[in-house]
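The structure under discussion appears below in the form of structure tokens.
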Amino acid sequence: MDAPSKAESTASTISITEARDKEEDTFELESPSSAIEDKEETILDPGSPISSAAATDIKFEELKADTLKLELTTSATSTTDLKEKVAAPDEEQNRPKSQIMDTGFDAWSTVAGSWFMMFATLGYLYSFGVYQDFYTRELLANYLPSKIAWIGSLQLAMPFALGIVSGKLFDKGYFRILIASGSVIFAVSLFMLSLIQPHRYYQVFLAQGVGMGIGLGLTFVPSLSILVMHFDRRKSLASGIALSGSSIGAVVFPISSITPSAR
């Protein structure tokens, strides 16, 4: 064999060897993916035991993920509800006061009604000084002035003592019942005062001290509290106007009581 033939044979041998080396390298690089594909085929094979275990694991992971999503959704819903409950009082406090008018016929007619209530009840109570003078000199002359003063003291204490009851009932919505019942009790007690007999202390005490005191106790707090539902900025003005009725009544009733006797 001549030299050129030997060179060509050696070159072909080298090229074949290099080609084999490349194929082995390619096989080594492609072997992991091939292994994964074989594993996936094995998992996807319904008859394989490895496939059943893998499917169970996958279902368990999916169930676990769904449970986690449900817990997150429930937690978010609970957090939202809690925020709404916490924010509810603030929204109620910061609500626009469109229902509180501060003006208008309904608001000022309520002030007028409260004024007349204070005039007829608390103003009459503040006129007790005229009654005590009459009781000491004529009707209850055989009783000490200090004992007679207990009638006016109880009458004055009842509006504030019964404010605990009338205020609670007012908050529950019994405004009209309180005003109606208190007015009737006060008027009936005043009529009964005209029927008492001379030197009967207990009759005066029950009619003027207890009866009129209870009537005033049922009407005093609701007559002033109702103004808050109609006024916001002018609340003090409305309350002051309503309470002025008691002062005017305390002036009018003694004058009206003294004038007939002076004549």
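The values are calculated or read from the model by the stated rules, or taken from the named source; none is laboratory data. Note that the coordinates shown come from a computational prediction; the quantities given were computed from them, not determined experimentally. Counting neighbours? That spans all protein chains shown, and the Cβs are built from the backbone with ideal geometry, glycine included. Just so you know, the surface numbers come from the protein's heavy atoms only, side chains and all, with ligands and any DNA or RNA stripped out. Shrake-Rupley method; radii C 1.70, N 1.55, O 1.52, S 1.80 Å.
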Exercise. Tell me, yes or no, whether region 182-195 has at least one residue that is at pLDDT below 90, outside any helix (DSSP H, G or I) and in contact with a Lys or Arg (Cβ under 7 Å, 6 or more places away or on another chain).
Key: no
Filtering region 196-205 for residues that are without any contact (Cβ under 8 Å) to a residue 12 or more places away in the chain and part of a helix (DSSP H, G or I) leaves a count of 2
Scanning region 132-174 for residues that are under 21 Å from GLY215 (Cβ atoms) and basic (Lys, Arg) gives LYS168, LYS172
Can you find a residue that is free of Cβ contacts under 8 Å to residues at least 60 places away in the same chain and farther than 26 Å from THR103 by Cβ anywhere in region 222-233?
no
Regarding ALA180, is this residue without any contact (Cβ under 8 Å) to a residue 60 or more places away in the chain, closer than 22 Å to GLY249 by Cα, out of contact with any helix residue (DSSP H, G or I) (no Cβ under 7 Å at 6 or more places or on another chain) and not β-branched (Val, Ile, Thr)?
yes
Worksheet item: Does region 139-160 include one or more residues that are crowded, with 20+ Cβ neighbours inside 10 Å and closer than 18 Å to LYS235 by Cβ?
Response: no
Scanning region 161-202 residue by residue, those open to solvent by 70 Å² or more (accessible area, probe 1.4 Å) and within 34 Å of the chain's Cα centre (by Cα) turn out to be ILE164, VAL165, LYS168, ASP171, LYS172, TYR174, ARG176, ILE177, VAL184
Does LYS147 satisfy the condition of being basic (Lys, Arg) and modelled with pLDDT under 90?
no
**Request:** For MET118, indicate whether it is under 22 Å from SER236 (Cβ atoms) and in contact (Cβ under 8 Å) with a residue 12 or more places away in the chain.
**Result:** yes
Open item on the list: Just to be sure before I move on: is PHE220 modelled with pLDDT under 95, under 16 Å from LEU125 (Cα atoms), open to solvent by less than 80 Å² (accessible area, probe 1.4 Å) and out of contact with any Leu (no Cβ under 6 Å at 6 or more places or on another chain) in the structure I sent?
Closed with: yes
Any chance region 190-213 includes a residue that's within 22 Å of ASP106 (Cβ to Cβ) and among the aromatic types (Phe, Trp, Tyr)?
no
